[in-house]
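J.: Below is one structure. I have some questions about it.
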Amino acid sequence: MPQHPLRTAITLMTAAAASLALSAVPAPASDGPADPKEIRDLTTAYVASVKYLDEKAALADGYVPHQCSTDPAGHGSMGYHYFNESRYGSLDPAKPAALLFEDGKDGKRKLAGVEWIVLDSDQNMKTTKDRPSMFGGQKFEGPMPGHYPGMPIHYDLHVWLWKHNPSGLFNRWNPRVKCPAAPAHSSSSGKTPSNSSGKTPSGSSGTTRPSSSGTAHSAH
């Protein structure tokens, strides 16, 4: 996938138009679209998520912010998850169940990616017969435990439409996304320290940082 969003949009829309016209589809990048349907679905997802470049639109549509998730193994981060439980189970490219934001240099949160979430039918992490797929056969990861209290065992699929991911378009971790740095030492008062913005920073694993809604979940 191209590195910049505008180039991404142009590439996807051009390829989609070509496929609809029964023309030859340009050869994709190694992690890019593999067939015309995948291209069309990615284009749909891209266009549908444009409105969420404005964080206020995400909040207005029922997406609830949670903490910034970082891989303890050092493969990158996912940013802040904004979950919309009413869209769990959606396989519609225009209706992701979660949005992935990161902190911008201007202090505002910027959209980096989108995510689809499907609950595991038998709530048993040892079975995978109901594993879903999207975008030309891209399989969801999981099943895995919920990422906040009350979230069921589920499958999920991340798509980095708004932030180039050198690890792959569908890779869960993006090394170019950063979470707030952990404090250098613990507070002598025993209270959780906060950063200059007044938000509670994540630990080195990024697995326990509460969101503005006061909810915490483990990284996925």
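The values are calculated or read from the model by the stated rules, or taken from the named source; none is laboratory data. Not measured: the values here are computed from a predicted model. FYI the Cβ positions are ideal-geometry reconstructions off the backbone, even for glycines, and counts take in every protein chain you see. In case anyone asks, the SASA skips ligands and DNA or RNA and just uses the protein heavy atoms, side chains included. Shrake-Rupley method; radii C 1.70, N 1.55, O 1.52, S 1.80 Å.
J.: Tell me which residues, restricted to region 126-141, are surrounded by 15 or more Cβ atoms within 10 Å (Cβ to Cβ) and part of a loop (DSSP other than H, G, I, E, B).
T.: Initially, region 126-141 is screened for residues surrounded by 15 or more Cβ atoms within 10 Å (Cβ to Cβ), giving 132, 134-136, 138, 140-141.
Listed by number, the residues that qualify are PRO132, PHE135, GLY136, PHE140.
J.: Moving on. How many residues, within region 101-111, are part of a loop (DSSP other than H, G, I, E, B) and open to solvent by less than 40 Å² (accessible area, probe 1.4 Å)? Even if it seems obvious, please write down each step before you answer.
T.: Initial filter on region 101-111 (part of a loop (DSSP other than H, G, I, E, B)): 104-108.
Restricting the remaining residues to those that are open to solvent by less than 40 Å² (accessible area, probe 1.4 Å) gives 104.
Selection size over region 101-111: 1.
The rows are residues; the columns are (1) in a strand (DSSP E or B); (2) more than 20 Å from TYR155 (Cβ to Cβ).
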{"residue": "ALA58", "(1), (2)": "no, yes"}
{"residue": "HIS66", "(1), (2)": "yes, no"}
{"residue": "GLY74", "(1), (2)": "no, yes"}
{"residue": "SER86", "(1), (2)": "no, no"}
{"residue": "ALA94", "(1), (2)": "no, no"}
{"residue": "LEU99", "(1), (2)": "yes, no"}
{"residue": "VAL118", "(1), (2)": "yes, no"}
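J.: Within region 46-87, take every residue that is in contact with a helix residue (DSSP H, G or I) (Cβ under 9 Å, 6 or more places away or on another chain) and hydrophobic (A, V, I, L, M, F, W, C) and give me the one that is least open to solvent (accessible area, probe 1.4 Å).
T.: ALA58
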